[in-house]
Amino acid sequence: AQSVSQHNHHVILSEAASLELGCNYSYGGTVNLFWYVQYPGQHLQLLLKYFSGDPLVKGIKGFEAEFIKSKFSFNLRKPSVQWSDTAEYFCAVNPRHQAGTALIFGKGTTLSVSS
Amino acid sequence: DTGVSQDPRHKITKRGQNVTFRCDPISEHNRLYWYRQTLGQGPEFLTYFQNEAQLEKSRLLSDRFSAERPKGSFSTLEIQRTEQGDSAMYLCASSLPTGTGRATNEKLFFGSGTQLSVL
């Protein structure tokens with residue numbers, strides 16, 4: 001079965017520190033890849049997505065992610081975090097072998113940024 | 001605001017009672033998904049609809065769970081004879097995929113969820 005692994009359960013950083021959150025998936029075929037963010041008390045929001053083309057994708061609020069096919073990875077990065085980035089981050093995969101396959105989420109990484 | 005509305009926001013019920021949740025997707029979206037999320041976990045897929053047809057159900061969806069989308073617009077998720085293990089956040093999402101087959105691209109928009117507490 002397909003699965004998504006997020007290596008870090010809880011990350012604590014100071015403002016201006018650099019961020020990298022790991023995400024690996026297990027699926028041998030073509031995939032769409034996503035990072036969703038959930039700010040405290042809010043709904044899940046799409047941060048960025050990869051469908052095809054340039055493996056380095058840029059999202060909102062200065063986030064970016066790099067798809068490395070050989071490593072089955074889609075790590076999320078931000079050069080300098082802010083207190084407002086405190087949230088839960090979810091990596092998700094949508095296998096593209098057929099239409100309508102449901103999005104599979106990782107367990108999430110909680111990011112706490114101290115000012 | 002994503003445009004996906006869920007009602008109610010919170011539901012507290014006693015074990016054994018039936019509950020029903022409603023989801024109103026973004027109006028032009030033809031796909032509607034139900035997910036469940038518990039503390040410390042990512043959303044887990046339950047079921048999804050394309051228009052009014054229920055196309056996929058997870059093994060997580062026991063026979064006490066039923067979902068409908070009668071006119072291809074709003075959807076309801078009913079849980080019969082609730083158990084304490086059903087306590088979770090129930091999320092609805094909608095999408096309008098582009099492309100077909102291997103070229104399908106899809107972006108899900110989530111609602112705020114319904115928090116169910118079974119006492």
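The values are calculated or read from the model by the stated rules, or taken from the named source; none is laboratory data. These figures come from a predicted structure and were not determined experimentally. No Cβ is skipped: glycine too gets one built from the backbone with ideal geometry, and neighbour counts run over all protein chains shown. We work out accessible area using only protein heavy atoms, side chains counted, and drop any ligands, DNA or RNA first. Shrake-Rupley method; radii C 1.70, N 1.55, O 1.52, S 1.80 Å.
Before we move on, is A:His43 open to solvent by 40 Å² or more (accessible area, probe 1.4 Å), within 12 Å of chain B (Cβ to nearest Cβ) and in contact with a Ser or Thr (Cβ under 6 Å, 6 or more places away or on another chain)? The answer is no for A:His43. The set of residues in the range B:88-119 being away from chain A (no Cβ under 14 Å) and more than 16 Å from B:Asp7 (Cα to Cα) consists of B:Val118, B:Leu119.
The set of residues from the range B:51-75 being open to solvent by less than 50 Å² (accessible area, probe 1.4 Å), in a strand (DSSP E or B) and within 14 Å of another protein chain (Cβ to nearest Cβ) comprises B:Ala53, B:Ala67.
Residues in the range B:15-40 that are more than 14 Å from chain A (Cβ to nearest Cβ) and outside any strand (DSSP E or B) were compared, and the one that is nearest to A:His10 (Cα to Cα) is B:Arg15. Residues that are within 10 Å of chain B (Cβ to nearest Cβ), surrounded by fewer than 18 Cβ atoms within 10 Å (Cβ to Cβ) and either within 13 Å of A:His7 (Cα to Cα) or at pLDDT 95 or above (or both) within the range A:87-115 comprise A:Lys107, A:Thr110, listed in sequence order.
Quick grid of which residues meet (1) over 23 Å from B:Ala93 (Cα atoms); (2) touching a strand residue (DSSP E or B) at 6+ places or on another chain (Cβ under 7 Å); (3) in a helix (DSSP H, G or I):
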residue	(1), (2), (3)
A:Tyr25	no, yes, no
A:Gly28	yes, no, no
A:Asn32	no, yes, no
A:Tyr36	no, yes, no
A:Gly41	no, no, no
A:Leu46	no, yes, no
A:Lys49	no, yes, no
A:Phe74	no, yes, no
A:Ser80	yes, no, no
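Taking the conditions (1) closer than 22 Å to B:His10 by Cα; (2) within 10 Å of chain A (Cβ to nearest Cβ) in turn, B:Glu78 satisfies each one other than (2). For the range B:16-28, filtering for residues that are crowded, with 21+ Cβ neighbours inside 10 Å and not hydrophobic (A, V, I, L, M, F, W, C) leaves 1. When the criteria are applied in full, A:Ser84 fails the requirement of being at pLDDT below 95 and more than 21 Å from B:Pro43 (Cα to Cα). For the criterion of being open to solvent by less than 20 Å² (accessible area, probe 1.4 Å) and part of a strand (DSSP E or B), A:Phe67 fails. Taking the range B:41-50 only, how many residues are more than 7 Å from chain A (Cβ to nearest Cβ) and either open to solvent by 20 Å² or more (accessible area, probe 1.4 Å) or in a loop (DSSP other than H, G, I, E, B) (or both)? Qualifying residue count for the region: 1. Of all the criteria given as (1) closer than 20 Å to A:Cys91 by Cβ; (2) assigned to a loop (DSSP other than H, G, I, E, B), the one not satisfied by B:Thr82 is (1).
Can you work out which of the residues in the range A:46-59 that are open to solvent by 60 Å² or more (accessible area, probe 1.4 Å) and within 11 Å of another protein chain (Cβ to nearest Cβ) is modelled with the lowest pLDDT? Top of the filtered list is A:Ser52.
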